[in-house]
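Heads up, the thing below is written out as structure tokens.
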Amino acid sequence: MTKWEYATIPLIIHATKQILDQWGEDGWELVQVIAGPDGNGLVAYLKREKA
């Protein structure tokens, strides 16, 4: 059975691509982006297979 680990990260609008590219280089896959708890920012949910 595949086991996953998850991460949540805040996204800075002017650096979204760079942030996601860096996490992708580390093996993380974007699952979803939703509004942050304050309603203003964005939060990305990522996952990757556990080693």
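The values are calculated or read from the model by the stated rules, or taken from the named source; none is laboratory data. From a predicted model like this one, the values you see are computed outputs, not experimental measurements. Reconstructed Cβ throughout: ideal geometry from the backbone, glycine too, with neighbour counts over all protein chains shown. Remember, those area values only see protein heavy atoms, side chains included, never the ligands or the DNA or RNA. Shrake-Rupley method; radii C 1.70, N 1.55, O 1.52, S 1.80 Å.
Annotations
- With respect to the conditions (1) open to solvent by 60 Å² or more (accessible area, probe 1.4 Å); (2) aliphatic (A, V, I, L, M); (3) modelled with pLDDT of 95 or more, Ile19 lacks only one, and its number is (1).
A quick yes/no check of all residues on (1) more than 10 Å from the chain's Cα centre (by Cα); (2) outside any strand (DSSP E or B); (3) at negative phi; (4) touching a residue at least 60 places away in the same chain (Cβ under 8 Å):
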position	(1), (2), (3), (4)
Tyr6	no, no, yes, no
Pro10	no, no, yes, no
Gln18	yes, yes, yes, no
Trp23	no, yes, yes, no
Leu30	no, no, yes, no
Asp38	yes, yes, yes, no
Leu46	no, no, yes, no
Ala51	yes, yes, yes, no
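- Condition met for Gly27 (open to solvent by less than 90 Å² (accessible area, probe 1.4 Å), small (Gly, Ala, Ser) and at pLDDT below 95): no
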